[in-house]
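Shown next, in structure tokens, is the structure this report addresses.
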There are 2 protein chains.
Amino acid sequence: MGYRENPRPGGRSARVQAAVHQSVRDMLATMDRADVTIPLIAQRANVTPSTIYRRWGDLQKLLADVAASRLQPEGEPARIGSAREDLEAWVEQYADEMASGVGRQLLRDVLAVPDSANAEKCGTYTRRQLSVFIARAEAAGEPFPTLVDLMDHIISPIIYRILFDQAPDPDHVRKLVAKVMAESRQSLMRG
Amino acid sequence: MGYRENPRPGGRSARVQAAVHQSVRDMLATMDRADVTIPLIAQRANVTPSTIYRRWGDLQKLLADVAASRLQPEGEPARIGSAREDLEAWVEQYADEMASGVGRQLLRDVLAVPDSANAEKCGTYTRRQLSVFIARAEAAGEPFPTLVDLMDHIISPIIYRILFDQAPDPDHVRKLVAKVMAESRQSLMRG
DNA sequence: GTATAGAAGCAAATAATTTGCGTTAGTGAA
DNA sequence: TTCACTAACGCAAATTATTTGCTTCTATAC
């Protein structure tokens, strides 16, 4: 009955999923969003509409699925120098990507469906990336903020502004990072 | 051609808007979300579907419109004691409402449409509410955080968690408030 | 190989959306 | 008040999307 979340690679099901995802990405990139329909996606992916309906349910769920997979980070954050420098560079790029037209729309697509699974996946991606910096800092003996503080006081303000306000300017993002870093040094001194 | 954002009160257009909004609210409260369709909404509101299509465009836009109006605060935040106490009480209630099933869905509905006008409206509502506390604190000579700090370090973490993670627990919310308040006293002492 | 089950294709039936055109009801000027 | 005007609504036909029953395909395990 139910469709596998992760189809066996190489199988027919995986090929269909890839073709449909690619079709969606192409169409979102080239045409007006309002003109992207399931029958059109199906046609471009060489698949029947009913296949998409049965597998994803409706356009919103399909878009949420595609968006979540696009929001998955490609690899490990770059190593530049100290954990702090790595973090600063990563956050700057993260903010830029999320604030871009495409990024903002991906966030919305992921949030548009009642099922929160896709959105939670994105939160997990971000925490996993940030954990890398924490591990690096620990290995280097650098003082570093906790994961909770990074999420609450850097990621959250950035995303909130992108969703409910204007995109945060780079200077503000730097200040958010600087503030959390400063606090982590203080708490280390106190502790 | 275009429909007025705020129809003249008492006019036919305003009556239709009210009937449709009410119909949406009733249906969202009583039936499964997936079964809420424009033809059904129209029927319950005693209106033709084409009226809704022409005025709102599609279901998502209608839901976003209804959600934004439901997210508008009813009145001024309650006065309890100090500005800080007022804020604490307000934030607690805010977090509860937004984290509830209904609140979370309203947030999603507002974010689901490409047009950010509705979402920005919600951000503005929140800032306006918070400004009240700032004004009260100033009148009382209490030290108080800035609007930016309140938004970045209290509202943003709460909303981010609701959207991308689990709802924040009350204790964490209190800590967020306490931390921002503590910083505002420090910066006052330094300044 | 062959059986099996999950997933895809096809096509008919249903439901939603769009659109052209006629009608209604607020609005503002005489 | 009346009258002309126009934005918004209703109606219904045309189009398009969605659902569904049934058949066919294809990986997988035996």
The range A:1-120: mean projected area of Cα convex hull, nm²: 8.9 nm²
Residue A:70-residue B:175 FRET efficiency (beta carbon distance; Förster radius 35 Å; 0.05 resolution): 0.55
The range B:12-57: proportion of alpha-carbon pairs further apart than 11 angstrom, %: 63 percent
Of all accessible heavy-atom area on the range B:51-166, the percent that carbon and sulfur account for (1.4 Å): 49 percent
HN-Hα J in Hz across the range B:69-78 - Karplus 6.51, -1.76, 1.60, θ = phi - 60°, x for Gly and Pro: 6, 6, 7, 6, x, 6, x, 6, x, 5
List of the range A:42-86 residues, accessible area with partners at least 40 Å² below that of the chain alone (1.4 Å probe): A:60
The range B:13-26 - phi-based ³J(HN,Hα) in whole Hz, Karplus 6.51/-1.76/1.60, Gly and Pro as x: 4, 5, 5, 4, 4, 4, 5, 5, 4, 4, 4, 4, 4, 4
Accessible area that becomes buried as A packs against B, both chains, 1.4 Å probe, Å², nearest 100: 3000 Å²
Acute angle (nearest 10 degrees) that the helix A:83-99 long axis makes with the longest principal axis of chain A, alpha-carbon atoms: 40 degrees
Low-density loop cleavage sites - trypsin sites (Lys or Arg not before Pro) in the range A:79-120, where at most 12 other Cβ are within 10 Å (DSSP): A:79
Cβ-based net charge around residue B:25, under 11 Å, with every Lys or Arg adding one and every Asp or Glu removing one: +1
Under the Karplus curve 6.51 cos²θ - 1.76 cosθ + 1.60, θ = phi - 60°, whole-Hz ³J(HN,Hα) for the range B:127-139, x wherever Gly or Pro sits: 4, 5, 5, 5, 4, 4, 5, 4, 5, 5, 5, 5, 4
Angle between chain B longest axis and helix B:170-190 axis [Cα atoms, degrees, rounded to 10]: 50 degrees
Sequence-distant lysines (8 or more away, or on other chains) whose Cα lies within less than 25 Å of residue A:179: B:175, B:179
Cα-derived Rg to Rh of the protein assembly as shown, Kirkwood definition: 1.00
Histogram of C-alpha separations across the range A:65-191, 10 Å bin width, %: 12, 44, 32, 11, 1
Simple spin-label estimate for residue B:131 and residue B:44 in nanometres, 7 Å along Cα-Cβ: 3.5 nm
Average Cα contact separation per residue, chain A, under 8 Å, 6 or more apart, as relative contact order %: 18 percent
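The values are calculated or read from the model by the stated rules, or taken from the named source; none is laboratory data. Remember, it's a predicted structure, so these values are computed and weren't measured experimentally. Because the Cβ atoms are built from the backbone with ideal geometry, glycine has one as well, and the counts that use them run over all protein chains shown. Note: accessible area is taken over every heavy atom of the protein model, side chains too, but ligands, DNA and RNA are not part of it. Shrake-Rupley method; radii C 1.70, N 1.55, O 1.52, S 1.80 Å.
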